[in-house]
Amino acid sequence: MSQIADRIQIRNTTFKNRIIKGAMSEALANHDGQPNELHYGLYEAWAKGGLGCAITGNVMVNIRAKNEPGVVAIETERDLAKLQHWAEVGKKHGMVQLIQLSHPGRQCPKGLNKETVAPSAVPFSPMLAAMFATPRELRHDEILDIIQRFATAAAVCEKAGFEGVQLHGAHGYLISQFLSPLTNKRTDQWGGSVENRMRFLLEIYQAVRAATSDNFIISVKLNSADFQRGGISEEDVITVFKAIDAAGIDLIEISGGTYEAPAMAGVKSKSQKASTLAREAYFLDFAEKIRQHVTCKLMVTGGFRTVASMNAALASGACDFIGIARPLAVETDLTDRLIAGHDVRYAVKPIKTGIPFVDKMAIMEIIWYASQFKAIGQGGQPNPKLSPLLVFLKYAKGNIKAVMKGRVNSRKSA
């Protein structure tokens with residue numbers, strides 16, 4: 001009968017409670033993908049608020065494959081001192097930190113990178129095609145290079161002092177693209193059967209495990225469903241979960257959705273049962289089902305708002321950790337408050353700009369919260385009443401600058 005305040009251990013690392021901050025994009029790095037004082041201030045605020053573990057936002061394994069401006073990238077030990085400083089923030093307050101390693105694949109805004117790559121050259125839906133280009137299909141040697149990049153980045157993270165990494169295999173990013181038959185049309189060893197489609201994930205896991213010590217935590221974030229017609233089936237999802245569990249993964253975070261079907265942002269889907277919504281957590285029903293097939297630790301993120309529902313989920317055995325994301329962007333001391341018995345103070349509502357095509361996507365659920373992170377990182381307070389429209393206009397302006405700078409740099413390198 002676990003409770004949110006209970007300790008738990010993975011390998012040689014003790015988590016002081018069961019609350020984990022789910023990954024949210026910080027967008028605080030410079031053009032070269034380097035962490036800075038804003039990251040340290042942000043994560044220290046969460047650590048001081050009692051958080052048991054923080055999973056960082058997307059950290060790219062290739063600086064030339066960014067999902068957005070301001071993302072951190074780890075390719076070498078270039079920023080080792082900065083990463084060590086970041087890791088120390090958690091250690092000082094007893095907060096475990098996992099770096100979320102990611103490659104966006106096709107999910108990159110047009111013009112941000114020189115090109116976008118993916119398992120197959122599958123275009124986006126008409127709604128998003130104006131913002132995201134059709135990717136180029138990856139060659140076999142490029143796939144092997146990306147696998148090694150995950151391993152190299154993980155080794156740097158361990159050397160910096162982080163307790164582990166999370167492989168981002170959800171939300172339509174590259175690993176997820178390989179898993180889904182909707183975006184993976186390959187006929188070689190990387191596509192076709194589910195065994196071939198999950199090969200990329202398993203090879204990354206094995207490479208990361210080989211590059212790090214026995215005490216280093218390796219977790220993965222996986223979709224319970226894509227919530228798209230033609231996406232990965234539940235039968236195949238269970239096969240993937242069982243395979244990565246058998247390979248030795250320490251922790252699986254259960255999520256769902258993509259940019260084209262953003263269930264992870266709380267957008268209701270016909271696939272979500274009324275009972276699931278009533279119990280707050282979006283993916284708890286699936287966690288209960290997958291618990292029968294895996295032995296590793298499980299984390300459910302999305303929808304939890306009351307202490308009673310969190311404790312009930314833990315007590316049921318469906319999950320071992322409660323993932324909380326957006327509420328922590330406006331309540332940095334939320335963990336201490338939850339453990340004291342208080343529920344989430346601010347109800348999370350869809351972030352709307354009033355611009356229809358923007359509001360249909362999950363993008364505002366990223367950038368509005370990133371604006372809060374900048375304020376916190378600077379030592380200020382979050383603002384729950386921050387205007388979504390102003391945030392979007394500022395983001396669009398920044399994106400245009402990043403694209404123009406990227407084009408200038410491309411011409412110089414050519």
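The values are calculated or read from the model by the stated rules, or taken from the named source; none is laboratory data. Bear in mind the structure is a predicted one, so any value in this text is a computation, not a measurement. Note that we place each Cβ from the backbone using ideal geometry, even for glycine, and neighbour counts take in every protein chain shown. We work out accessible area using only protein heavy atoms, side chains counted, and drop any ligands, DNA or RNA first. Shrake-Rupley method; radii C 1.70, N 1.55, O 1.52, S 1.80 Å.
Brief remarks follow.
- Residue within region 291-312 that is over 18 Å from Gln9 (Cα atoms), modelled with pLDDT of 90 or more, touching a Leu at 6+ places or on another chain (Cβ under 6 Å) and surrounded by 19 or more Cβ atoms within 10 Å (Cβ to Cβ) present: yes
- Note on region 187-210: residues that are surrounded by fewer than 17 Cβ atoms within 10 Å (Cβ to Cβ) and either charged (D, E, K, R) or touching a Gly at 6+ places or on another chain (Cβ under 6 Å) (or both) amount to 2.
- Taken over region 209-236, the criterion of being in contact with a strand residue (DSSP E or B) (Cβ under 8 Å, 6 or more places away or on another chain) and more than 20 Å from Ile254 (Cβ to Cβ) is satisfied by Arg209, Thr212, Asn215, Phe216.
- Residue count, region 74-111 (criterion: assigned to a loop (DSSP other than H, G, I, E, B) and surrounded by fewer than 21 Cβ atoms within 10 Å (Cβ to Cβ)): 7
- Out of Ile322, Ile244, one residue alone is part of a helix (DSSP H, G or I), modelled with pLDDT of 95 or more and open to solvent by less than 20 Å² (accessible area, probe 1.4 Å). It is Ile244.
- Test: residue in region 253-265 that is modelled with pLDDT of 95 or more, more than 15 Å from Ser176 (Cα to Cα) and touching a helix residue (DSSP H, G or I) at 6+ places or on another chain (Cβ under 7 Å): no
- Cβ-Cβ contacts under 9 Å between residues 6 or more apart (or on different chains), taken from a first residue in region 313-333 that is of a type in the set (Lys, Arg) to a second residue that is at pLDDT 95 or above, are listed as Arg326/Gly22.
- Search result, residues across region 339-391 that are over 25 Å from His171 (Cα atoms), open to solvent by 90 Å² or more (accessible area, probe 1.4 Å) and either hydrophobic (A, V, I, L, M, F, W, C) or assigned to a helix (DSSP H, G or I) (or both): Leu390
- Condition met for Gly57 (under 24 Å from Gly323 (Cβ atoms), part of a strand (DSSP E or B) and of a type outside the set (Phe, Trp, Tyr)): yes
- In region 211-241, the qualifying residues are those that are open to solvent by 10 Å² or more (accessible area, probe 1.4 Å) and of a type in the set (A, V, I, L, M), and the one that is modelled with the highest pLDDT is Ala211.
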